[in-house]
Amino acid sequence: MVPRLAILALLLATAAVEAAPIRPADRLEMSRSRVGQPVAAGSVMVVNRGSRPVWVLQVTPTDAGTWGPDRLGSASLPPGGKGVLRLGRGPVCHYDLRAAYAHGGELTRFDVDLCNGGEVVLTDADLATPLPPARDGLALYRITNRTGSPIVALHSSPVEGPQRGDMLGAWVMAEAMHYTGRTARSASCAFDLRSVFSLRPNDGVTLSGVNLCDVREVILPPRSAAEALSH
């Protein structure tokens with residue numbers, strides 16, 4: 001398996017990552033001294049009881065237009081691992097959660113009440129990505145990779161704007177895997193979806209003008225079909 005840090009270095013050398021840099025206070029705290037203490041108010045314990053390392057962990061308020069930073073930073077959460085996530089004591093109680101696994105799929109949970117603390121347990125049984133719920137003011141959508149190739153970077157950019165950063169981070173989206181995206185609804189919901197298959201220049205295809213406010217599921221077609229549509 002390619003080390004996580006090596007993948008991060010390669011991606012950061014070639015393209016910007018969409019998520020903002022993580023602040024130390026937002027990072028999952030996995031030190032032995034920290035996880036051995038009682039979970040304080042405004043925090044939750046995240047436990048990986050699955051069989052694969054978690055490479056990406058994102059937790060965001062239900063009305064947020066982005067997933068926010070990867071709470072693992074450059075680390076990963078191994079099977080059996082756990083860590084404390086600080087959420088603060090603000091008025092927000094309900095969050096959406098997304099996790100992506102090394103050599104595996106994506107886990108999503110929506111509208112989770114985290115005000116009561118306790119544990120958030122991630123298991124292999126959760127490795128199914130249902131269609132996300134419909135929400136006022138927010139476009140939630142699921143992208144499925146049917147290109148026939150692993151996708152190392154995925155961009156969702158407004159048709160009339162500059163290309164946005166990669167949404168996958170260190171995670172590689174294998175064939176038949178899903179990515180769940182989110183964006184604030186606006187006057188124009190048309191986006192270009194760019195799939196990148198390697199670090200070689202121009203090794204990617206673009207699905208143009210997808211209305212992410214109306215289409216909750218996007219199937220990325222085989223590369224040959226997408227390349228024909230782009231010419």
Of all residues in region 184-203, which are among the hydroxyl-bearing types (S, T, Y) and either assigned to a loop (DSSP other than H, G, I, E, B) or loosely packed, with under 12 Cβ neighbours inside 10 Å (or both)? S186, S188, S198
What are the residues in region 52-67 that are of a type in the set (V, I, T) and not in a loop (DSSP other than H, G, I, E, B), if any? V54, V56, V59, T60
When the residues of region 26-53 are filtered to those that are modelled with pLDDT under 95 and of a type in the set (S, T, N, Q), which remaining residue is surrounded by the fewest Cβ atoms within 10 Å (Cβ to Cβ)? S33
May I ask you to list the residues in region 82-112 that are within 18 Å of G181 (Cα to Cα) and not in a strand (DSSP E or B)? G104, G105
Residue identified as free of Cβ contacts under 8 Å to residues at least 12 places away in the same chain and outside any helix (DSSP H, G or I) among P162, P132: P162
Pick from region 138-164 the residues that are touching a Ser or Thr at 6+ places or on another chain (Cβ under 6 Å) and of a type in the set (K, R): which of them is nearest to N202 (Cα to Cα)? R164
V56 touching a Leu at 6+ places or on another chain (Cβ under 6 Å), surrounded by 16 or more Cβ atoms within 10 Å (Cβ to Cβ), of a type in the set (A, V, I, L, M) and touching a residue at least 60 places away in the same chain (Cβ under 8 Å): no
Inside region 175-188, can you point out the residues that are more than 20 Å from the chain's Cα centre (by Cα) and touching a residue at least 40 places away in the same chain (Cβ under 8 Å)? none
Might you check whether a residue that is in contact with a Pro (Cβ under 8 Å, 6 or more places away or on another chain), of a type outside the set (A, V, I, L, M) and surrounded by 14 or more Cβ atoms within 10 Å (Cβ to Cβ) occurs anywhere in region 109-128? yes
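The values are calculated or read from the model by the stated rules, or taken from the named source; none is laboratory data. Keep in mind it's a predicted model, so treat the numbers as computed, not measured. Every residue, glycine as well, gets a Cβ built from its backbone with ideal geometry; the counts of neighbours run over all protein chains shown.
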